[in-house]
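The values are calculated or read from the model by the stated rules, or taken from the named source; none is laboratory data. What you see is a predicted model; the values in this text were computed from it and never measured. Quick reminder, even Gly has a Cβ in these numbers, built from the backbone with ideal geometry, and neighbours come from all protein chains shown.
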Amino acid sequence: MASVAVRMKWIDCHNHLQFFGAGAAESMVAAMVAAGVVRAVVNATGEGDWEAVAALAAAYPERIVPAFGIHPWQAQEVADRWQERLRELLGRFPQASVGECGLDRRVAAPGVAVQGSVFLVQLRMARELRRAVTIHCVKAWGRLFEALAVEAPPPRFLLHAFGGSLETARRLLPLGACFSCSGHLLQPRQAAVLEVFRRLPRERILVETDAPEMLPPPEQVSHPLPENRNHPANLSAIGAGLARALGMSVGEFAELTSNNARECFGW
């Protein structure tokens, strides 16, 4: 399986390569490329890692595309004039998108009201700059639709690691949503979400690792790491597993999701 998958070209539409530390980047990027992962969108989570993501994008411009934003878990930590700094950073990187941002009711703090105010600013900025935005949404679908009614999204946006219902997806599709699936969907308890992806328009499906999070089942771990961390080079094996689960050939799924990523992010 792995030898077939390696010949394909994959795009990881969402990971956090900065969490591995600057010293790990060279070997990790090399492993990604050797595994057929030709490009990755590396998402910041707050002001504290914006410059780390920027440094990765500057060091590997052909492989890493940055995304800068405030994760909902970090919403209460923003400093004064953070919006100006975010806009300046997006200006420095014309291919950059906005993210990871959104809403999460799984956590008690910060509250959804605080998360929402920060999220709305990022939606507005993404729309004004015509940048894609990557949205994190957990147990907050109603709040998400309320936010999108207040601040319309840009023409294309990504629901990272989408775990919602088919009804929710069908409400998001006319707004321009794309949906990414990770190796986590290959866990048996995720069968219902995998069924949703089987019924989505194929031109709206992307693939991600969310590395170092969302470790896939053992058979999709081609690059094991300590502490059950997920290596971004696992994407080729993850993609092969998802292709079979969705009834597609590996080559077809690699080409489809890579083309969809280019369309979603406007490359």
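Considering only the range 167-175, I want to know if a residue exists there that is part of a loop (DSSP other than H, G, I, E, B), surrounded by fewer than 19 Cβ atoms within 10 Å (Cβ to Cβ) and not hydrophobic (A, V, I, L, M, F, W, C). So far as the range 167-175 goes, no, none of its residues is part of a loop (DSSP other than H, G, I, E, B), surrounded by fewer than 19 Cβ atoms within 10 Å (Cβ to Cβ) and not hydrophobic (A, V, I, L, M, F, W, C).
Against the conditions (1) within 24 Å of Asp49 (Cα to Cα); (2) surrounded by fewer than 22 Cβ atoms within 10 Å (Cβ to Cβ), Ala132 satisfies every one except (2).
Hey, among the residues in the range 197-225 that are of a type in the set (Asp, Glu) and over 26 Å from Ala44 (Cβ atoms), which one's farthest from the chain's Cα centre (by Cα)?
Pass one, the range 197-225, residues of a type in the set (Asp, Glu): 203, 208, 210, 213, 219.
The next check asks that each one be over 26 Å from Ala44 (Cβ atoms); those that pass are 203, 219.
Numbers: Glu203: 16, Glu219: 22 Å.
Among those residues, the one meeting the criterion is Glu219.
Restricting attention to the range 53-77, which residues are surrounded by fewer than 19 Cβ atoms within 10 Å (Cβ to Cβ) and among the hydrophobic types (A, V, I, L, M, F, W, C)? Passing the criteria: Ala55, Ala58, Ala59, Trp73. Within the range 85-106, the set of residues being within 22 Å of Ser180 (Cα to Cα) and out of contact with any His (no Cβ under 8 Å at 6 or more places or on another chain) comprises Gln95, Ala96, Ser97, Val98, Arg105, Arg106.
Considering only residues that are touching a strand residue (DSSP E or B) at 6+ places or on another chain (Cβ under 8 Å) and within 15 Å of Asp49 (Cα to Cα), which ones fall in the range 9-26?
From the range 9-26, those touching a strand residue (DSSP E or B) at 6+ places or on another chain (Cβ under 8 Å) are 9-18; that's our starting set.
Answer for the range 9-26, where residues must be touching a strand residue (DSSP E or B) at 6+ places or on another chain (Cβ under 8 Å) and within 15 Å of Asp49 (Cα to Cα): Asn15, His16, Leu17, Gln18.
Pairing residues of the range 43-61 that are closer than 18 Å to Ile135 by Cβ with residues that are modelled with pLDDT under 95 and in a helix (DSSP H, G or I), at Cβ distances under 8 Å and at least 6 apart in sequence or on separate chains, gives Gly46/Glu77.
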